[in-house]
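Below is one structure, written out as structure tokens; the observations come after it.
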Amino acid sequence: MHRVLAAILKGRETIGAVLVDVSRDDAFLLAVESNTQHGLPLSQADRRAAATRLIASHSHMSDRAIARASGLGAKSVAAIRRSNASEPQLNARIGKDGRVRPVD
């Protein structure tokens, strides 16, 4: 959205883009990962909000995988996950490396 507005303000008619055919939740995950890797850093509140949303939408992801995506530490993600006890807990999670591991 910001890139489109900037291009319009500069009088450009085209911009480079990567199109992905994913769900809204996966699009959010990609956006968070992208924003933590370049551009202005997200505030602590933004990173915590992103991690909270990712825990809700991608509960199968490990704390470390969500931490990598959101720019928080794994312990912070674990604390957010514990504080949201109303969410159902899974018996296994997918780690940063894509492997499925049991939750102890």
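The values are calculated or read from the model by the stated rules, or taken from the named source; none is laboratory data. No experiment lies behind these values; they were computed from the predicted model shown. Note that each Cβ is placed from the backbone with ideal geometry, even for glycine, and that neighbours are counted across all protein chains shown. For the accessible areas, the whole protein counts, side chains as well, though only heavy atoms, and no ligand, DNA or RNA atoms are used. Shrake-Rupley method; radii C 1.70, N 1.55, O 1.52, S 1.80 Å.
Quick one: count up the residues across the stretch 51-86 that are open to solvent by 60 Å² or more (accessible area, probe 1.4 Å) and in contact with a strand residue (DSSP E or B) (Cβ under 7 Å, 6 or more places away or on another chain).
Residues flagged as open to solvent by 60 Å² or more (accessible area, probe 1.4 Å) and in contact with a strand residue (DSSP E or B) (Cβ under 7 Å, 6 or more places away or on another chain) within the stretch 51-86 amount to 1.
As an exercise: evaluate residue 48 against (1) part of a helix (DSSP H, G or I); (2) within 22 Å of residue 97 (Cα to Cα); (3) within 14 Å of the chain's Cα centre (by Cα) and give the number of the one condition it does not meet.
(2)
Any residue that is closer than 29 Å to residue 104 by Cα, modelled with pLDDT of 95 or more and assigned to a loop (DSSP other than H, G, I, E, B) - is there at least one of those in the stretch 73-86?
There is at least one residue in the stretch 73-86 that is closer than 29 Å to residue 104 by Cα, modelled with pLDDT of 95 or more and assigned to a loop (DSSP other than H, G, I, E, B).
Please find, within the stretch 87-97, the residue that is least open to solvent (accessible area, probe 1.4 Å) out of those that are among the charged types (D, E, K, R) and modelled with pLDDT of 75 or more.
Filtering the stretch 87-97 for residues among the charged types (D, E, K, R) gives 87, 93, 96-97.
Checking the rest, the ones that are also modelled with pLDDT of 75 or more come to 93, 96-97.
Details: 93: 36, 96: 121, 97: 90 Å².
Looking at the filtered set, the residue picked out is 93.
Looking at 23, 34, which one is over 23 Å from residue 102 (Cβ atoms), surrounded by fewer than 11 Cβ atoms within 10 Å (Cβ to Cβ) and either at pLDDT 95 or above or within 14 Å of the chain's Cα centre (by Cα) (or both)?
23
What's the number of the only condition in (1) under 30 Å from residue 60 (Cβ atoms); (2) surrounded by 12 or more Cβ atoms within 10 Å (Cβ to Cβ) that residue 1 fails to meet?
Only one criterion in (1) under 30 Å from residue 60 (Cβ atoms); (2) surrounded by 12 or more Cβ atoms within 10 Å (Cβ to Cβ) is unmet by residue 1, namely (2).
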